[in-house]
1. Filter segment 22-41 down to residues that are within 23 Å of Ala59 (Cα to Cα) and surrounded by 11 or more Cβ atoms within 10 Å (Cβ to Cβ) and give me whichever is modelled with the lowest pLDDT.
2. Report, ordered by the first and then the second residue, all pairs with beta carbons closer than 7 Å, sequence separation of six or more or different chains, a first member in segment 53-73 that is within 19 Å of Leu26 (Cα to Cα), and a second member that is surrounded by fewer than 15 Cβ atoms within 10 Å (Cβ to Cβ) and at pLDDT below 95.
3. Among the residues of segment 47-65, which ones are surrounded by 11 or more Cβ atoms within 10 Å (Cβ to Cβ) and more than 16 Å from Ile21 (Cβ to Cβ)?
Amino acid sequence: MNFDLNLIISIAQIIVSIVVIGLILLQERDSGAGGLFGGGGGGGGFYQTRRGLEKIIFASTIILVIIFAALALANLFIK
């Protein structure tokens with residue numbers, strides 16, 4: 001079976017992007033748009049200490065975004 005490398009990379013990009021979207025949606029944020037701009041009455045401001053599962057989800061999101069970028073560059077340079 002002869003698979004095209006660009007096809008394999010494209011499929012991997014699709015899978016990684018779906019997982020990244022899911023991980024982003026799982027991350028908790030302040031309710032409302034006020035939390036987006038640093039507002040909100042939670043008193044947390046921008047920085048929040050992540051613990052447990054939230055820390056794992058955050059780190060996994062960063063790692064998968066880096067993998068997605070690497071796949072995008074690989075897809076660009078491999079012809």
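1. Result: Gly35.
2. Glu54/Glu28; Ile57/Leu26; Ile57/Gln27; Phe58/Gln27; Phe58/Arg50; Thr61/Ile24
3. Gln48, Arg50, Glu54, Lys55, Ile56, Ala59
The values are calculated or read from the model by the stated rules, or taken from the named source; none is laboratory data. Here the structure is a predicted model, which means the values were calculated and not measured. Because the Cβ atoms are built from the backbone with ideal geometry, glycine has one as well, and the counts that use them run over all protein chains shown.
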